[in-house]
Structures are given as C-alpha cells and as structure tokens.
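A.B. asks: Below you'll find the structure I mean.
The values are calculated or read from the model by the stated rules, or taken from the named source; none is laboratory data. Being a predicted model, the structure only gives us computed values, none of them experimental. Cβ placement follows ideal geometry from the backbone for every residue including glycine, while neighbour counts extend to all protein chains displayed. For accessibility, only protein heavy atoms count, side chains too; no ligands or nucleic acids. Shrake-Rupley method; radii C 1.70, N 1.55, O 1.52, S 1.80 Å.
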Amino acid sequence: MNHSNASVFRIQKNQTAGVTFILLGFSEYPDLQVPLFLVFLTIYTVTVLGNLGMILVIRINPKLHTLMYFFLSHLSFVDFCYSTTITPKLLENLVVEDRSISFTGCIMQFFFACIFVVTETFMLAVMAYDRFVAVCNPLLYTVAMSQRLCSLLVAASYSWGIVCSLTLTYFLLELSFRGNNIINNFFCEHAAIVAVSYSDCYASQKIVLVSATFNEISSLMIILTSYAFIFITVMKMPSTGGRQKAFSTCASHLTAITIFHGTIFFLYCVPNSKSSWLMVKVASVFYTVVIPMLNPLIYSLRNKDVKETVRKLVITKLLCYR
C-alpha cells in the first residue's frame, strides 16, 4: 500500500514538473496590447505610490497615530501586496510573446493573491466595527478599542487569510495537470486553474465555494450590522453638524466597501459560460488592479490631515531641492 502511494506521488510530481500554464490575458486584442500596457502601468504606479505614500504619511504625522489610521495603514499594505502579486505579470504578458508561467509560479501567485483578498475582506469588516464603536460609543472608544484588541483583530485577518489560502492551495495541489495548459485569464485564479485539470475537481470546487461564501457572508454581516447601528445613532443626533461629521468619517470607508463587495457580487452573478469570459476578465481587473489603486485615493482625497501632511512633505522636499 505504501509502495503504491509513493509511486502515485512520484508520478504526480513528474507530471507537475513539466507543467506550464499559458495566461491568455488580453491576447485576442493585439492592437490593444500597448495601450493596455500603458493604462495598467499607470494604474500600478499610482497604486504603489498611493499605498506606500499612505503608510509613510501615517507614520510621519503624529496626528494620524490613531486606531483608524492603524487599520488604514494595514489596508494600504495589503493593497500594495495584492497588486504586486498580480500586476507585474500582467504587464509582462502585454509586451512579451511568451505568456507562459511555471506550475510553481502559478500556484504561488494564487496562494498570495488568496491571502491578500481574504485579508482585505476582513480588514474592511474590522474597520466597519471600529467606525461603529467610534460613532455609537465615543466615550468608551479608547477603552473598547484598545491597542491590544486592534492588533489582535489585524493579526486575525492576516491569519485567516493564510489559513484559507493554505487550504485552497492544498486542494489545488491534489489535482493533476499535463503539459501546457491555457488559462483564459490574466492571472492564476482558482476557477481557471481547476478548469484545465484532468482529475476530479469536485472537492476543490466545493471547498472554494464554502470558504468564499462563508467569508463573504460573515464579513458582510459585520459590516451591515455595524452600519445599521451607526445609521440609527446618527439619525438620533440633535445637531446637523454632528450628523454630517459622523457621516463624513464613514463615507470613505463605505465607498471602499461598496466598490470591493460590489465587484465580488458581480463576479458571483456572472454565469460560467464561454460568452461571459470577457465580463469576468473586466471584473477581475477591477478587483485585482483598480481597487488597490482606488483605496488610498478614496481615503486621502476626503481627508484634511492626510492632504495637509502630503502638502508639507512636497514643500519640504522642494525647499531641500532648491
């Protein structure tokens, strides 16, 4: 029995050794390769500068050493990592003829992308809970949201992302592949990898459905419950100024949540057919490439303190340069 298990493992290892994946991306539009490259390069540059800039701004301005910005700096870090896992390969494939990616490269890309998307899902939920405590219990805020609890919530988001990713990757590694496999997308996402396997994918597909549904429902329950209480509290406020202030602190976060979960819902609803592949790719571009760029813009453009810190940084640098 042990001998047969060992030989099966050896056969699988030999199969995966020569396995490559070819990421089709947007190759069916040859005329758009250069314009798409320039668009995605611009988006990626803004993403890197925006997210790393946000982390730097939060670090250097003592005014921003609050819990809200502690969560925001982690969201920026996750967005930067998420975008860096996917966009460089997408850019490369728009300018080179050979669009292949090794078996290990493909699995690693999926592994890291999965960690960061799950972490972001729960980071946004944690931020909604933080806003709920800040608006509904402002006097107890510093007690209820201690630095220790906030660190634990952030650590739990990362840990759960790693657990989900390890589980899904393990089930992907159980599948068998042969030779060159064409993936009709620009990155190694689960459904595309499973589609080119020639072994039974039932367990892998079921586990991804269960984990995705659990993550989406549980994070949305936290978000919707938090905002329901926030809305009730704000509507009870006697002054219009107080109401506006409370709503403005939540507006950026609500915008980020709506875009992120709206895109995921759209991907859920798209039928899994040959004709819908373009819609899937466009929606995938949105949540893997565009959203990591939008988050720092959403939070910085609506924030006085962030804008003030950036202005001071620019002036200081210009003075030094002169």
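A.B. asks: Of a type in the set (A, V, I, L, M) and open to solvent by 70 Å² or more (accessible area, probe 1.4 Å): is that true of LEU220 in this structure? Steps first, please.
C.D. replies: Details: of a type in the set (A, V, I, L, M): yes; open to solvent by 70 Å² or more (accessible area, probe 1.4 Å): no.
Here the answer is no, as LEU220 does not meet what is asked.
A.B. asks: While we're looking at this one, here's another question. Looking at this structure, is GLU174 touching a residue at least 40 places away in the same chain (Cβ under 8 Å), within 25 Å of LYS206 (Cα to Cα) and of a type in the set (D, E, K, R)?
C.D. replies: On the way: touching a residue at least 40 places away in the same chain (Cβ under 8 Å): no; within 25 Å of LYS206 (Cα to Cα): yes; of a type in the set (D, E, K, R): yes.
It is false that GLU174 is touching a residue at least 40 places away in the same chain (Cβ under 8 Å), within 25 Å of LYS206 (Cα to Cα) and of a type in the set (D, E, K, R).
A.B. asks: Report every pair of residues separated by at least 6 positions or lying on different chains whose Cβ atoms are under 7 Å apart, first residue within the range 68-97 and among the basic types (Lys, Arg), second part of a helix (DSSP H, G or I) and surrounded by fewer than 23 Cβ atoms within 10 Å (Cβ to Cβ).
C.D. replies: Final answer for the pair search is LYS89/GLN109.
A.B. asks: Further, regarding this structure: Return a yes/no flag: does the range 132-143 have any residue that is open to solvent by less than 60 Å² (accessible area, probe 1.4 Å) and modelled with pLDDT of 90 or more.
C.D. replies: Within the range 132-143, the first condition is being open to solvent by less than 60 Å² (accessible area, probe 1.4 Å), and the residues that meet it are 132-136, 141.
Imposing the further condition that a residue be modelled with pLDDT of 90 or more reduces the set to 132-133.
Yes, there is a match, as at least one residue in the range 132-143 is open to solvent by less than 60 Å² (accessible area, probe 1.4 Å) and modelled with pLDDT of 90 or more.
A.B. asks: Considering only residues of the range 223-250 that are of a type in the set (S, T, N, Q) and under 23 Å from TYR299 (Cβ atoms), which is most open to solvent (accessible area, probe 1.4 Å)? Explain how you work it out, then say what you get.
C.D. replies: Here is the first cut: in the range 223-250, the residues of a type in the set (S, T, N, Q) are 225-226, 233, 239-240, 244, 248-249.
Retained after the next criterion (residues that are under 23 Å from TYR299 (Cβ atoms)): 225-226, 233, 244, 248-249.
Values: THR225: 63, SER226: 7, THR233: 41, GLN244: 125, SER248: 58, THR249: 54 Å².
So, considering only residues that are of a type in the set (S, T, N, Q) and under 23 Å from TYR299 (Cβ atoms), the one most open to solvent (accessible area, probe 1.4 Å) is GLN244.
A.B. asks: Among the listed residues PHE116, PHE80, which satisfies the condition of being crowded, with 20+ Cβ neighbours inside 10 Å and either over 25 Å from VAL194 (Cα atoms) or among the basic types (Lys, Arg) (or both)?
C.D. replies: On inspection, the qualifying residue turns out to be PHE80.
A.B. asks: Here's a follow-up. Tally the residues that are β-branched (Val, Ile, Thr) and at pLDDT below 85, restricting the search to the range 164-190. It would help to see each step written out before you state the result.
C.D. replies: Residues of the range 164-190 that are β-branched (Val, Ile, Thr), as a first pass: 167, 169, 182-183.
Those still in the list that are at pLDDT below 85 too: none.
Number of matching residues: 0.
A.B. asks: Looking only at the range 251-270, which residues are modelled with pLDDT under 80, farther than 19 Å from SER218 by Cβ and touching a helix residue (DSSP H, G or I) at 6+ places or on another chain (Cβ under 7 Å)?
C.D. replies: Kept after step one, since they are modelled with pLDDT under 80, are these residues of the range 251-270: 267-270.
Adding the requirement that they be farther than 19 Å from SER218 by Cβ leaves 269-270.
Once the filter is applied, which keeps residues that are modelled with pLDDT under 80, farther than 19 Å from SER218 by Cβ and touching a helix residue (DSSP H, G or I) at 6+ places or on another chain (Cβ under 7 Å), the range 251-270 yields only VAL270.
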